Each structure stands twice: as C-alpha cells, then as structure tokens.
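Reading through the structure tokens given below for one structure.
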Amino acid sequence: MKIAQIHNRYKDIGGEDIVVEREKNLLQDAGHEVVQYFVSNNDIISTKEKIHTSIHLSYSLKYKKKVISFLKKETPDVVHVHNFLPILSPSVFYATKQLNIPVVLTLHNFRLLCINGLLYRNNKTCENCVSKKIPLDGIKYGCYQNSKVISLFPTISNSLHTFMKTWQSKINKVIFLSEFSKGVFSRSHISFKPEQMSVKPNFLEDKGYSYEKQNYFLYVGRISEEKGILTVLESFIASGKLLKIAGTGPLQDEVIAYSKTHKNIVYLGFQNQQQLKDLYLNAKATVFASKMYEGLGLVVIESFSFGTPVIGPEFGNSGQLITENYNGNKYELGNATSLSEVIRSFEENQNQKSLRKNARTTFEEKFTAQKNLQTLEKIYKESIESSRDLTSI
C-alpha cells in the first residue's frame with residue numbers, strides 16, 4: 001500500500017510531529033511505501049506572510065494546487081492528514097476529493113470545535129463552543145493567540161466548513177485518539193457519520209518493564225497550572241511521601257522553592273529519555289493531575305508500559321485509561337485532600353504487584369506498535385473501500 005502523509009509542522013517539534021514520524025517508520029517497516037508532503041509554521045516569518053496565512057486559513061487555493069500536483073505525481077492509495085492548520089487549510093480535503101483519493105484525518109486535538117484546540121480557558125475546561133455552529137465565544141474571549149481580532153479567522157473557518165459539511169463529506173475516516181475524544185465530538189455540532197469514526201490511540205516503543213519498585217512517587221510533565229502540579233504539591237507536602245518531579249515549565253521556580261523547604265519534594269528538571277525510563281521503571285506509581293481533557297494522556301500510557309500504576313483524576317482521558325484498582329486509582333480532580341486519601345489507600349494496598357502487572361497488560365493489549373499497525377491498516381483499507389461512497393456537496 002502507498003500512503004501519502006500530509007502534515008503542517010509546528011514551530012517547535014511537538015507530539016503530533018513525533019507521531020507522524022513514528023507512523024511513517026511503522027508503516028515502512030511493515031513493507032508499505034510512505035511519501036510525505038509537509039509545510040512548517042517556521043515559514044511564517046514576516047508580517048505579510050502572517051496576514052496572508054490568516055486570510056487563507058479557511059481555504060488556500062495555493063496549497064490546494066500544490067497538494068494536487070504532489071498527489072498526481074505520487075498517486076497514493078490513501079492520504080493521511082494530521083495537522084492542516086494554519087498553512088494548508090481545509091482545502092487539502094477538496095484536493096483529495098477532486099482526485100477521488102480516499103483520505104483519513106487524525107484529530108490530535110479539539111480544534112474543529114474550539115479555536116485554541118484545547119477546550120480549556122481561564123484555568124478550567126470550557127465547552128462553550130462544542131454545540132455551536134457559529135462559535136462566537138472564541139472571538140469574545142480571544143481564545144486564539146489571546147487576540148479577539150486574530151480569533152476571528154479560525155472562527156470563520158470552522159463555521160464555514162461546518163455549514164459546507166466539509167468534515168462529513170470530504171473525509172473517509174476520522175481517527176480519534178481515545179473513546180473520550182470521540183465522545184466529545186459525538187455530542188458536538190459536527191455530525192460525523194458512524195462509519196467515519198475510528199479510535200486508534202498513539203503507540204509507544206516497548207522499552208521494557210519492572211515489577212520491582214522503589215519507595216517514591218513520580219510526576220512527569222509540564223510544570224504548569226493546567227497540568228495540576230499545584231494540587232500534587234499540596235497533597236505531597238501534607239503527606240510527607242517522597243515525590244520526584246521531572247519536567248520544566250512556568251511554575252518550576254515555585255517547585256524549586258518547595259523542594260528546598262520540603263525534603264520529600266525532589267525536583268529533577270528536564271530529563272532525557274533514558275533518565276525518564278529509569279524513573280518510570282522504579283517508581284511505585286505515577287501521579288497524573290492534568291485539568292485538561294488531553295488528546296490521549298501520553299504520560300499515563302508511558303507509565304503503564306513500564307509496569308507502573310497511575311494515580312489520576314476521574315476526568316477526561318485519564319479517567320477512561322485508568323481502571324480503579326486494576327491498573328491504578330482515581331481521585332477527585334483538583335482536590336489535594338482526595339489525592340492524599342487515594343495515595344494513602346494505595347500505600348495500604350497489599351496487591352500493588354497486581355496493579356503493576358495489570359498496568360503492563362493494559363499497554364500490551366492496547367498501545368504497542370503491532371496493535372497500532374493492525375488498526376491503522378484496517379482503517380486505510382476501509383477508507384479505500386468507502387472512497388466511492390462520499391458524495392459531493
């Protein structure tokens with residue numbers, strides 16, 4: 001099978017960029033041919049370029065033509081689009097439709113429903129625009145780049161393509177990273193057809209596991225308010241349990257200050273992949289605390305892969321990934337007292353080794369490369385079979 005990946009790279013290499021590269025390698029290792037058409041936000045430099053990109057956010061005829069030229073040259077069996085904003089625009093789906101090439105879209109975030117892509121505003125989740133075909137709240141609150149003026153452009157784009165039914169009529173398959181994300185879209189104003197929707201989480205390289213643990217808990221992630229670090233600190237300062245924190249972010253100075261006055265708080269800062277592996281392998285549990293829905297909750301899956309249970313909130317994707325007393329435990333979101341109680345209960349649990357084994361089993365059953373390949377190949381085949389079913393507007 002020949003697959004064309006189309007992707008709008010971010011300024012700084014992020015999770016989506018890494019996923020695209022991993023999927024390319026996965027498919028090539030399985031004998032498939034992969035070709036790529038990429039653009040980068042690093043190319044938007046001058047004020048003129050920024051204005052041009054904003055104006056053509058809804059539909060870029062220039063990039064539609066470029067994508068058509070690329071696809072005519074490569075003649076792929078299927079196209080897989082990851083990020084298409086802000087440069088490529090939804091015109092890529094009109095390009096594939098014009099050539100009658102089946103197309104798959106992975107939704108890594110909630111940008112079709114929320115112009116900041118996060119469903120998060122003022123330090124809490126926000127679904128104001130989920131049910132609205134014309135989501136004016138995004139403009140009202142300046143949700144895109146903290147600007148009401150700039151927020152106008154993605155709002156117009158989302159509204160336009162909602163009314164044009166671009167997402168339903170030009171895309172064969174839509175991949176959600178989790179059942180939770182699929183659920184959010186299912187209750188939204190975008191009425192995807194049931195046969196369009198598939199769930200395929202990202203996968204991780206298997207780096208080994210251990211059921212023998214040391215006496216510390218682990219936090220991995222951005223050191224910021226929305227990731228719940230303050231809730232974690234409050235809980236562990238009260239309990240006195242040993243907590244190791246790996247990551248950087250806007251609140252790291254506050255974490256450093258706490259670590260100087262509380263010996264059970266150990267701030268490690270940035271950790272490379274080998275260092276993170278060692279931390280995960282030896283932690284008795286990973287503490288996850290994000291106040292955001294998250295695209296998938298990569299920290300949770302990483303922890304499972306190393307045989308380390310997760311203590312996380314009954315909320316968002318983590319709430320669905322964690323099964324109570326199976327591969328971890330759950331507490332009330334943002335409640336340090338609840339987290340402390342759950343940690344105390346976890347410590348008293350005589351079956352911690354079972355939790356570790358179940359965490360590893362969860363990874364093996366759902367998040368390995370082989371499982372991912374099987375699901376991805378199935379989605380591609382279904383897209384090719386359904387390519388004649390979509391009708392033009």
Name the pairs whose Cβ atoms lie under 7 Å apart, with the first residue in the range 126-139 and in the same structural domain as L113 (by TED's automatic domain parsing), the second assigned to a loop (DSSP other than H, G, I, E, B) and hydroxyl-bearing (S, T, Y), and 6 or more positions between them or separate chains?
V130/S188; S131/S188; G138/Y144
Strands (runs of 3 or more DSSP E) wholly inside the range 1-105 that include at least 1 residues being without any contact (Cβ under 8 Å) to a residue 40 or more places away in the chain and out of contact with any Asp or Glu (no Cβ under 9 Å at 6 or more places or on another chain):
33-40
Residue, surrounded by the fewest Cβ atoms within 10 Å (Cβ to Cβ), within the range 175-189, restricted to residues that are within 24 Å of K381 (Cα to Cα) and of a type outside the set (G, A, S):
E179
For the range 272-285, the count of residues that are in contact (Cβ under 8 Å) with a residue 40 or more places away in the chain and either farther than 20 Å from E365 by Cα or touching a Pro at 6+ places or on another chain (Cβ under 6 Å) (or both) equals 7
What's the number of the condition E348 fails, among (1) free of Cβ contacts under 8 Å to residues at least 12 places away in the same chain; (2) in contact with a His (Cβ under 6 Å, 6 or more places away or on another chain)?
(2)
Kindly indicate whether any position in the range 228-242 is touching a strand residue (DSSP E or B) at 6+ places or on another chain (Cβ under 9 Å), in a helix (DSSP H, G or I) and surrounded by fewer than 16 Cβ atoms within 10 Å (Cβ to Cβ).
no
Qualifying position, being basic (K, R) and modelled with pLDDT under 95, among R356, R388, R360, R344
R388
Select from the range 212-222 the residues that are surrounded by 15 or more Cβ atoms within 10 Å (Cβ to Cβ) and either of a type in the set (S, T, Y) or at pLDDT 95 or above (or both) and list them in ascending order.
K213, Y216, F217, L218, Y219, V220
Counting only residues that are under 19 Å from the mean Cα position of the chain (by Cα), give me the helices (runs of 4 or more DSSP H) lying completely in the range 311-393 with at least 1 of them.
316-321, 352-366, 369-386
Take the residues of the range 317-345 that are surrounded by 23 or more Cβ atoms within 10 Å (Cβ to Cβ) and of a type in the set (G, A, S): which is farthest from G208 (Cα to Cα)?
S318
Which of the residues belonging to the range 219-265 are more than 24 Å from E314 (Cα to Cα) and touching a Lys or Arg at 6+ places or on another chain (Cβ under 8 Å)?
T248, G249, N264
Spot the failing condition for N83; the list is (1) more than 20 Å from the chain's Cα centre (by Cα); (2) surrounded by 22 or more Cβ atoms within 10 Å (Cβ to Cβ), and only one is missed.
(1)
Pick from the range 243-273, criterion in a loop (DSSP other than H, G, I, E, B) and of a type in the set (A, V, I, L, M, F, W, C), ranking: surrounded by the most Cβ atoms within 10 Å (Cβ to Cβ)
L251
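The values are calculated or read from the model by the stated rules, or taken from the named source; none is laboratory data. Worth saying up front: this structure is predicted, and the values here are computed from it rather than measured. A quick note on method: Cβ atoms are made from the backbone with ideal geometry, for glycine too, and the neighbour counts reach across all protein chains shown.
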